[in-house]
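The values are calculated or read from the model by the stated rules, or taken from the named source; none is laboratory data. In this text, all values refer to a predicted model and were calculated from it rather than measured experimentally. Cβ coordinates were reconstructed from backbone atoms using ideal geometry, including for glycine residues, and neighbour counts include every protein chain displayed. Side chains are part of the model used for accessible areas, which takes the heavy atoms of the whole protein and leaves out ligands, DNA and RNA. Shrake-Rupley method; radii C 1.70, N 1.55, O 1.52, S 1.80 Å.
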Amino acid sequence: MNESITFWPSGRKVSVRPGTTVLDAARRAGVPIKTRCDGKAACFMCKVTVRPGSQLSPIADNERRKLSGLHESGIRLSCQARIIGAAEVEVPVDPLRSVVERQLARQRAEQDDSLW
């Protein structure tokens, strides 16, 4: 039986087999999560925030050490957290993308203002 995971803020949802990592599910859903180590828990870049009620595997000692207490506020490494039931996670917005989107929104607003 497959389990579903929803990625926020995009709202993309995908069904995967239990035991699939959050990182692999994100790739399947077309949700970009940055990583340099290709899922080996070495780069610390693939952090996600787990929404309450999500069913992920218990945190292992290696991941707990890497997170240094961040897991207590719902942060997990997507390459280590495995889906065992319905789950929802927040994927951080890429800072560069965020800046570009704000600039584009500002340009659109300026263009709209100039039409009046």
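Among the residues of segment 93-104, write down those that are closer than 30 Å to Pro58 by Cα and either open to solvent by 90 Å² or more (accessible area, probe 1.4 Å) or of a type in the set (Lys, Arg) (or both).
First pass over segment 93-104, keeping only residues closer than 30 Å to Pro58 by Cα: 93-95.
If the condition is that a residue be closer than 30 Å to Pro58 by Cα and either open to solvent by 90 Å² or more (accessible area, probe 1.4 Å) or of a type in the set (Lys, Arg) (or both), then Pro95 is the only one that fits.
Among the residues of segment 65-91, what is the count of those that are under 17 Å from Gly39 (Cα atoms) and either open to solvent by 90 Å² or more (accessible area, probe 1.4 Å) or at pLDDT below 90 (or both)?
Total meeting the criteria: 2.
Could you check segment 42-96 and list, in sequence order, the residues that are in a strand (DSSP E or B) and among the hydroxyl-bearing types (Ser, Thr, Tyr)?
Correct list: Thr49 only.
With the structure loaded, tell me whether Met1 is under 15 Å from Val91 (Cα atoms), assigned to a loop (DSSP other than H, G, I, E, B) and open to solvent by 60 Å² or more (accessible area, probe 1.4 Å) or whether it fails that test.
For Met1, the condition - under 15 Å from Val91 (Cα atoms), assigned to a loop (DSSP other than H, G, I, E, B) and open to solvent by 60 Å² or more (accessible area, probe 1.4 Å) - is not met.
In segment 1-16, how many are at pLDDT below 95 and closer than 12 Å to Ser78 by Cα?
Qualifying residue count, segment 1-16: 0.
Of the numbered conditions (1) in a loop (DSSP other than H, G, I, E, B); (2) without any contact (Cβ under 8 Å) to a residue 24 or more places away in the chain, Gly39 satisfies every one except a single condition; which is it?
The failed condition is (2).
Do you know which residues across segment 17-36 are farther than 14 Å from Leu77 by Cβ, open to solvent by 40 Å² or more (accessible area, probe 1.4 Å) and either in contact with a His (Cβ under 7 Å, 6 or more places away or on another chain) or outside any loop (DSSP other than H, G, I, E, B) (or both)?
Answer for segment 17-36, where residues must be farther than 14 Å from Leu77 by Cβ, open to solvent by 40 Å² or more (accessible area, probe 1.4 Å) and either in contact with a His (Cβ under 7 Å, 6 or more places away or on another chain) or outside any loop (DSSP other than H, G, I, E, B) (or both): Arg27, Arg28.
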